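Shown next, in structure tokens, is the structure this report addresses.
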Amino acid sequence: MIQETKLKIKEIKDIVELSNKDADGVIADGGQVFTALIGCVEKCRDDFNQTVKERLKTTEKQAEDLIKELEQEIEDLTNRSSEVKPLSHTEDHLHFLQAFRSLKGSSTPQDWTTVEVRPPSYVGTLWRSLDQLEETLNMEMKKLRDDAELKRVQQYEVDVTLDPDTAHPQLILSEDGKQVHDGGVRKVLPYNPKRFIGYTCVLTRQSFSSGRFYFEVQVKDKTAWGLGVARESINRKGGTEWTPENGYWTLYYNKDELVFRDKPGVRLPLRAELQKVGVFVDYDEGLVSFYDVEARVHIYSATGCTFTEPLYPLLDPWYQEGGTNSDPLIISPVNQTD
């Protein structure tokens, strides 16, 4: 009893130590997120100040140019006044007429009564700036949240290899069990109840019945593929829809569509240059999530799942299509710098 109690104490201390490390990591990640968001706010403030200053500068330039014109007008009128003033005292009418005729050709003074400088309007400037800030923050928060989330789940990486006993007869596996592609020819293989016959699929040797696990698969250059997890008792002979109800939690891609297979399927936004997909499972929480690893973006999560059997990572490289789609699906090690 003493030994069991000591073990329990050690177990509790280990959990506390792990929780401390986890908290430190979360605080560090949170610090980076908040620093980035503060940077967004400061940039928005600087842009707002710059906008106000530029409008003020435009008004000041307009006023400066107008004042120069008015000062030039005063100078011209002063000069004309100086020329006209002596004529007002002459008694030589012929001289007056000759001199006045030459003055008459001078430009007529401009009517300045309708000319004005309007003060800049700042109405709505602050609100437009705040609207832009809100949009920027929403985008940045999603990006940062996804990045932080991916970092967290990548800590649960597991080393899995493909099980040749489950591979469809057309599939070719690499010697290290990390790659699979459709060879285009159906091989004659001994009967094995674990083997897929109706689907071009393969499972991993490893299964998981608790906790959390994560793995990444390179899908680069492929035009069709499927991947995710499946429960042990799935029908491997064909004729079954790939849905969570039937034991499949999978993402499917085919040229112009990306779908989480369900009933009905969940059509997802196509991701440009989707090269590597991360799959995270929290068995106890009933969660399956997919990530675009290169873009560090969350793709989709199936929540509220009920797991009662071991789960196996599943890869489906799909058939070759006239020589295309022959590239393999590759189980890749996690690179935290991706």
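The values are calculated or read from the model by the stated rules, or taken from the named source; none is laboratory data. Keep in mind that what you see is a predicted model, and the values were worked out from it rather than measured. In this analysis, Cβ positions are derived from the backbone assuming ideal geometry, glycine residues included, and neighbour counts consider all displayed protein chains. Surface accessibility is based on the protein's heavy atoms, side chains included, excluding ligands, DNA and RNA. Shrake-Rupley method; radii C 1.70, N 1.55, O 1.52, S 1.80 Å.
Suppose the filter is surrounded by 12 or more Cβ atoms within 10 Å (Cβ to Cβ), small (G, A, S) and within 43 Å of the chain's Cα centre (by Cα); does A99 pass it? Considered against the rule, which asks whether it is surrounded by 12 or more Cβ atoms within 10 Å (Cβ to Cβ), small (G, A, S) and within 43 Å of the chain's Cα centre (by Cα), A99 comes out as no.
Among the conditions (1) farther than 23 Å from R152 by Cβ; (2) surrounded by 10 or more Cβ atoms within 10 Å (Cβ to Cβ), the only one that E17 does not satisfy is (1). Considering (1) within 34 Å of the chain's Cα centre (by Cα); (2) surrounded by fewer than 21 Cβ atoms within 10 Å (Cβ to Cβ); (3) within 21 Å of D284 (Cα to Cα), the lone condition that E257 does not fulfil carries the number (3).
For the range 225-249, a residue qualifies if it is part of a strand (DSSP E or B) and surrounded by fewer than 20 Cβ atoms within 10 Å (Cβ to Cβ), and exactly one does: R231. Of all residues in the range 98-136, those that are at pLDDT 75 or above and part of a helix (DSSP H, G or I) total 12.
Filtered by the rule that a residue be crowded, with 18+ Cβ neighbours inside 10 Å and among the hydrophobic types (A, V, I, L, M, F, W, C), the range 298-313 gives I299, A302, F307, L311. When each of K263, K276 is tested for being open to solvent by 10 Å² or more (accessible area, probe 1.4 Å), in contact with a strand residue (DSSP E or B) (Cβ under 8 Å, 6 or more places away or on another chain) and charged (D, E, K, R), the lone residue that passes is K276. Considering each residue of the range 74-83 in turn, none proves to be out of contact with any Pro (no Cβ under 6 Å at 6 or more places or on another chain), open to solvent by 80 Å² or more (accessible area, probe 1.4 Å) and either among the basic types (K, R) or within 30 Å of S207 (Cβ to Cβ) (or both).
Here the range 37-50 is the region considered, the condition is being open to solvent by less than 90 Å² (accessible area, probe 1.4 Å) and out of contact with any helix residue (DSSP H, G or I) (no Cβ under 6 Å at 6 or more places or on another chain), and the residue that is farthest from V117 (Cα to Cα) is L37. Scanning the range 279-297 for residues that are part of a strand (DSSP E or B) and either open to solvent by less than 10 Å² (accessible area, probe 1.4 Å) or touching a residue at least 40 places away in the same chain (Cβ under 8 Å) (or both) yields V279, F280, V281, D282, V288, S289, F290, Y291, D292, V297. Contact annotation: residue pairs with Cβ atoms under 6 Å, 6 or more positions apart or on different chains, pairing a residue in the range 243-256 that is farther than 18 Å from V219 by Cβ with a partner that is among the polar types (S, T, N, Q), are N246/T240.
When you check S88 against the structure, is it small (G, A, S) and open to solvent by 80 Å² or more (accessible area, probe 1.4 Å), yes or no? It is true that S88 is small (G, A, S) and open to solvent by 80 Å² or more (accessible area, probe 1.4 Å).
State yes or no: is K194 open to solvent by 10 Å² or more (accessible area, probe 1.4 Å), part of a loop (DSSP other than H, G, I, E, B) and within 18 Å of G239 (Cα to Cα)? In short, yes. Taken together, the criteria exclude L189 from residues that are assigned to a helix (DSSP H, G or I) and either farther than 25 Å from E216 by Cβ or open to solvent by less than 30 Å² (accessible area, probe 1.4 Å) (or both).
Inside the range 149-180, residues that are touching a residue at least 40 places away in the same chain (Cβ under 8 Å), part of a loop (DSSP other than H, G, I, E, B), more than 22 Å from F280 (Cα to Cα) and of a type outside the set (S, T, Y) make up a count of 1.
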